[in-house]
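In what follows, a structure is listed as structure tokens, so that the remarks can point back to it.
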Amino acid sequence: MTPPLHVVVFPFISKGHTIPIFDLARFLLCRKICITIFTTPANRSFFSHSLSDTNIDIIEIPFPKNIQGVPPGVESTDKLPSMSLFATFANATKLMKPHFEKALESLPPVTFMITDGFLGWTLDSANKFGIPRLVYFGMNAFSRVVSISALSVLRTQVSDNELFEVPDFPWIKITRNDFDLPFRDREPKGPLFDFMMDSFMAASKSYGLLVNTFYELESVYVDVCNRITSPKSWCIGPFCAVHESPKEKQGISEKPSYIKWLDEC
């Protein structure tokens, strides 16, 4: 008898990243896939409660201690005293690598792993064990490819409030000030920029990118994304559909008002 597929999932320790990953994990369960998900001790109760109706295995590995500026016991971005500590907090997750790899050694064979884009260091672990790494960033295809296409203009002398056309998408006009610091700078630098570049580089060397969207919604942006970036983006959403009732899946329930409004557009 062929053993079931086994997938390792490791979300970034931030509620906005973790909750969609829970929905993705439920999608995988519908495919009869065994799942092992990683977190830290302080987040264990949140994971256990959120996944209590599943058979997902939860493994906790220690979060680094004595991180400059980060209070003891803080293991999620929503607990940070200031988001100015984000880069410090995110970089500290790299110290979890030995514990992650030790846990991988004790697991049944892993078919592939899905890890958050902010956990770029997991690519080294994936390569070490010969496991394909799929990346999840949380961005839709539109925001990802427009941000990437706009970079070439942001490196020019365009002024802060000057509207410019986004390369590949002439119908989209934005300004430098539409981007957060340091990314809108002509020569961006600093810990946050370095962290993001490392994350994007690791993603580009991974097996694929999972996007919480469906192709029919963002086909133009998905096609350009797959033309100008790597790895390939796979549309596997919307994740929220995993919560649909049987009637909703059959299309026989009453449509919400916003769906009726969209149908009329």
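The set of residues from the range 19-55 being within 26 Å of G73 (Cβ to Cβ), in contact with a Lys or Arg (Cβ under 9 Å, 6 or more places away or on another chain) and not aromatic (F, W, Y) comprises A42, L51.
Filtering the range 139-161 for residues that are of a type in the set (D, E) and under 23 Å from F47 (Cβ atoms) leaves an empty set. Applying the set (1) surrounded by 17 or more Cβ atoms within 10 Å (Cβ to Cβ); (2) under 17 Å from V110 (Cβ atoms); (3) among the hydroxyl-bearing types (S, T, Y) to T18 leaves exactly one unmet item: (2).
Looking only at the range 243-255, filter to residues that are part of a loop (DSSP other than H, G, I, E, B) and surrounded by 10 or more Cβ atoms within 10 Å (Cβ to Cβ); which one of those is modelled with the highest pLDDT?
K255
R144 meets the conditions (1) among the basic types (K, R); (2) farther than 25 Å from F239 by Cα; (3) at pLDDT below 95 in every case but one. The failed one is (2).
Is it the case that the range 29-44 has a residue that's exposed (fewer than 15 other Cβ atoms within 10 Å of the Cβ) and without any contact (Cβ under 8 Å) to a residue 24 or more places away in the chain? There is at least one residue in the range 29-44 that is exposed (fewer than 15 other Cβ atoms within 10 Å of the Cβ) and without any contact (Cβ under 8 Å) to a residue 24 or more places away in the chain.
Scanning the range 100-114 for residues that are more than 18 Å from the chain's Cα centre (by Cα) and in contact (Cβ under 8 Å) with a residue 60 or more places away in the chain yields F100, A103, L104, L107, P108, P109, V110, T111. Selection within the range 115-134: residues that are farther than 14 Å from M197 by Cα and among the hydrophobic types (A, V, I, L, M, F, W, C). The member of this set that is farthest from the chain's Cα centre (by Cα) is F129.
Among residues of the range 213-222 being surrounded by fewer than 20 Cβ atoms within 10 Å (Cβ to Cβ) and among the hydrophobic types (A, V, I, L, M, F, W, C), the one that is farthest from G138 (Cα to Cα) is V220.
L262 passes every criterion in (1) under 27 Å from the mean Cα position of the chain (by Cα); (2) assigned to a helix (DSSP H, G or I) apart from (1).
The listed residues are C225, C240, and the only one of them that is surrounded by 14 or more Cβ atoms within 10 Å (Cβ to Cβ) and touching a residue at least 12 places away in the same chain (Cβ under 8 Å) turns out to be C225. For F89, the test of being modelled with pLDDT of 95 or more, touching a Gly at 6+ places or on another chain (Cβ under 9 Å), aromatic (F, W, Y) and within 25 Å of K205 (Cβ to Cβ) is passed. In the range 85-196, counting only strands (runs of 3 or more DSSP E) that sit wholly within it, the ones holding 1 or more residues that are surrounded by fewer than 19 Cβ atoms within 10 Å (Cβ to Cβ) and not hydroxyl-bearing (S, T, Y) span 112-116, 164-166, 169-174.
Of everything in the range 79-106, what is within 29 Å of F129 (Cα to Cα) and among the hydroxyl-bearing types (S, T, Y)? Give them in sequence order. T88, T93, S106, listed by residue number.
Here K205 qualifies as in contact with a Ser or Thr (Cβ under 9 Å, 6 or more places away or on another chain) and either at pLDDT below 95 or among the basic types (K, R) (or both).
The values are calculated or read from the model by the stated rules, or taken from the named source; none is laboratory data. Just so it is clear, the structure is predicted and the values come from calculations on it, not from any experiment. Here the Cβ is made from the backbone with ideal geometry for all residues, glycine too, and neighbour counts use every protein chain on show.
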